[in-house]
Amino acid sequence: MLDNSTITACATPPGKGGVGVVRVSGPLVNEIAQAILAKSLKPRYAQYQNFLGASNEILDSGIILYFPAPNSFTGEDVLELHCHGGPIIIDRLLERIIALGARMARPGEFSERAFLNGKIDLTQAEAIADLINASSLAAAQNATRSLRGEFSRKIYTLVEDLVSLRTAIEAVIDFAEDEVGSLETSAITQSLDQILDKFRQVQKAAHQGVLLREGITLVIAGKPNVGKSSLLNRFTGEDTAIVTPIPGTTRDVLRSHIQIDGIPLHVFDTAGLHKSDNLVEQEGIKRAWNEIKKADHVLLVIDAALEKTRDPNKLWPEFFAELPEHAKFTVVYNKIDLTNETAKISAVNGITCVYLSAKTAVGIDLLKTHLKNSMGLNVTPESGFSARRRHLEALNRAEKAVLEAQRSLAQAPYELLAEDLRQAQKALDEITGEFTTDDLLGRIFSEFCVGK
């Protein structure tokens with residue numbers, strides 16, 4: 001719950017800079033301002049002013065901005081002191097403000113107060129952190145749209161549909177048919193189908209938002225000396241991994257972070273998979289499988305010069321048997337510079353194969369395009385929004401509840417159907433913060449920087 005204390009923090013990054021911003025929010029703002037500035041505050045008006053210490057000495061001079069409640073970011077009285085960006089100056093101002101009754105803010109506490117005071121919902125609060133931490137232009141654009149309420153509006157629309165159907169069903173439960181009329185099963189079925197269609201559209205967009213926010217985990221796997229490290233170097237554009245003709249050069253997992261058309265990728269080069277009596281190689285192979293099983297997408301690299309079959313189902317049954325169910329993977333036939341094959345993408349028995357040469361870079365662009373398509377990220381910039389894993393989990397729980405409602409309609413009385421819809425609504429309310437717990441809020445806002 002929101003407390004009544006006055007909080008303060010530096011809203012700019014630590015270190016030296018041209019300008020530092022000290023933010024204050026809470027009921028003591030006017031008192032503190034009177035002591036530091038020796039003048040009354042004018043709302044939403046930038047003023048140049050001396051900042052005074054306890055003995056009326058000048059600590060610094062700068063710009064002040066005052067936003068009275070409720071028309072401020074937090075919904076409380078907010079004061080911003082724009083001073084010179086030296087750590088000593090900022091520390092002295094913070095010490096002065098704390099001596100006047102404020103306390104240091106916790107990470108994310110300004111945004112938390114904005115949420116608790118109804119200035120933003122939970123998805124918008126999270127979008128603030130996502131915007132600050134965005135690692136690509138696409139992720140920043142998604143966060144901006146979530147901050148403007150794009151994601152929230154889609155959730156509220158789903159909630160309204162659920163409430164509307166619940167209202168009609170509960171009216172039939174609570175009142176006689178001659179008072180409210182009957183509700184046709186076909187009408188309920190149609191409404192549930194429409195709600196599920198909307199769910200799946202939002203889930204797809206949210207999944208893309210999560211991938212753009214967190215990045216796609218791409219693992220390069222295969223037998224020794226097939227060109228895995230050469231492929232990693234092509235992705236990164238530099239000699240990230242050591243490449244030699246000697247099999248087993250890579251014995252540990254190599255990690256690199258890149259972007260493909262603004263989409264963040266976390267690329268993992270792994271040890272060659274084979275049977276070995278060497279303890280070091282065994283550990284490397286164990287780590288390789290750990291990464292393969294966690295990956296969003298796996299590239300199985302094949303030496304096209306040595307492997308004669310082009311049917312991926314006949315390549316390496318043991319590898320495919322170890323892959324997690326529903327794992328996304330692509331077979332990469334490397335070294336086509338030695339086989340005189342053409343760079344291409346083909347599908348064999350439902351498995352996508354990409355032909356390329358990591359040595360000459362022929363076909364690398366085809367692979368990058370395929371990765372974008374396979375992860376469903378060829379969307380228009382205006383259609384996405386920032387999302388998190390917890391949003392996907394809540395959407396999945398809500399969808400399961402609606403699917404259960406469909407089963408309840410066929411097998412059970414309306415009371416169970418109404419309860420299923422209530423559970424779906426409750427799961428959606430967790431996304432926007434209409435229903436949440438203190439523990440959840442603590443986890444979310446603890447990820448924020450201090451002063452935001």
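Read-outs throughout are calculated quantities, based only on the coordinates presented, and are distinct from any laboratory measurement. Quick caveat: nothing in here was measured; it's all calculated off a predicted structure. Virtual Cβ from ideal backbone geometry, glycine too; neighbours counted across all protein chains shown.
Cα centroid separation, segment 14-30 to segment 323-379: 51 Å.
Working value for the chain: equivalent-ellipsoid semi-axes of 49, 38, 17 Å, each the square root of 5 times a Cα gyration tensor eigenvalue, largest first. For the chain, the relative contact order comes to 17 percent (Cα pairs under 8 Å, sequence separation of at least 6). Considering only beta bridges that DSSP places wholly inside segment 1-108, some 90 percent are antiparallel. Annotation: aspartates and glutamates with alpha-carbon distance below 19 angstrom to residue 308 (same-chain offsets under eight excluded): 318, 337, 341. As a quick test, which of the pairs 204/368; 223/372; 198/314 have an alpha carbon distance above 31 angstrom in this structure? In this structure, 198/314 exceed 31 Å between Cα atoms. Under Stokes-Einstein, with the Kirkwood radius over Cα pairs as Rh, the value for segment 7-118 at 20 °C and 1.002 mPa s is 155 µm²/s. Packing order of peptides 330-337, 91-98, highest average first: 330-337, 91-98 (average count of other Cβ atoms within 10 Å over each peptide's residues).
Modelled this way, with points 7 Å down the Cα-to-C-beta line, the labels at residue 99 and residue 393 are 4.6 nm from one another. Gain on full extension, evaluated as 0.36 nm per residue between residue 46 and residue 153 minus their Cα-Cα distance, stands at 35.1 nm.
For the chain, take the longest principal axis of its alpha carbons; what is the angle in degrees between that and the long axis of helix 185-214, to the nearest 10 within 0 to 90? Once rounded, the angle reads 90 degrees. Taking each residue as 0.36 nm, the span from residue 328 to residue 290 lengthens on full extension beyond its C-alpha to C-alpha distance by 12.2 nm. For segment 7-118, the relative contact order comes to 32 percent (Cα pairs under 8 Å, sequence separation of at least 6).
In debye, nearest 20: dipole of segment 7-118 around its Cα centre with unit charges on the Cβ of K, R (+) and D, E (-)? Write out the running numbers ahead of the final one.
On the way: 10 positive and 10 negative charges, 26 e Å.
In total the dipole reaches around 120 debye.
Under 5 Å between amide hydrogens, built in the peptide plane, is the criterion, and for residue 344 it picks out 355 among residues at least 5 positions away or on other chains.
Below 8 Å between Cα atoms, with a sequence gap of 6+, how large is the relative contact order for segment 37-85 in percent?
On the way: 79 pairs, mean separation 14.7, N = 49.
In percent, rounded to a whole number, it is 30.
For segment 221-377, what does the alpha-carbon gyration tensor say about shape, rounded, prolate or oblate, given a ≥ b ≥ c as the root eigenvalues, a/c under 1.5 as rounded, and a/b over b/c as prolate?
Working: a/c = 1.21, a/b = 1.16, b/c = 1.04.
Rounded.
In order along segment 279-288, phi translates into HN-Hα couplings of 4, 5, 5, 4, 5, x, 5, 4, 5, 4 Hz, rounded to whole numbers, per the Karplus curve 6.51 cos²θ - 1.76 cosθ + 1.60 with θ = phi - 60° and x for Gly and Pro. Once the Cα atoms are used to define both axes, helix 87-99 deviates from the longest principal axis of the chain by about 50 degrees. Report note on the peptides 347-358, 214-225: ranked by the mean count of other C-beta atoms within 10 Å, highest first, their order is 214-225, 347-358.
Between residue 57 and residue 278, residue separation times 0.36 nm minus the direct Cα-Cα distance comes to 72.5 nm.
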